[in-house]
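What follows is calculated from the coordinates using simple rules that are stated; it is not laboratory data. Not measured: the values here are computed from a predicted model. With ideal geometry, Cβ positions are generated from the backbone for all residues, glycine too; neighbour counts draw on all protein chains shown.
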Amino acid sequence: MSLARNALLTDRQIRVRLAATLTDMITVTDKGAEKIREFLTQQQDNAAVEGLRVGVKGGGCSGFQYVLAFDQSRDGDQIVETQGLKLLVDAESVSYVNGSIVDFVDGLQGAGFKVENPNVVAACGCGSSFRVAEDEPQVSAV
């Protein structure tokens, strides 16, 4: 299975690189951009901070969780520039967050960044993890 899985990942990496050429890979709302700028201003003394890293990692009850952190760019990152800000996306995360909108919400359950992701097909009840269509089991008529 690992050999087949590696072959799929190679094809996926090719798709990721093609998808990364889209200028609208990730967008940020006005409120989201305002908060990112506010946090970046607070990090001004830290020269290592270049932008907001938007990624995913395995975890949670639905399979994936978002990773949002102020960081510097790394080899292999796709850098999306929007509203004068840099969003840093590692190659493995691109296909999972492609088309997403980063917003900042302030409500009864607290304040923080929220990712609206068109690739999500299911999320856990608390909203901290998600599953994408590529992770859905394949159903065959044969």
Pop a pseudo-label 7 angstrom from the Cα along the beta-carbon direction at both THR41 and VAL121 and give the gap in nm to one decimal.
4.3 nm
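Normalised by the residues of the stretch 31-82, what does the relative contact order come to in percent, with Cα pairs under 8 Å and at least six apart? List each step's numbers first, then the result.
Details: 46 pairs, mean separation 15.0, N = 52.
About 29 percent, as a whole number.
Using 0.36 nm times the number of residues separating ASP75 and GLN109, minus their current alpha carbon distance, what extension gain do you get?
Values: separation 34, 0.36 × 34 = 12.24 nm, distance 3.64 nm.
8.6 nm is the gain from fully extending ASP75 to GLN109.
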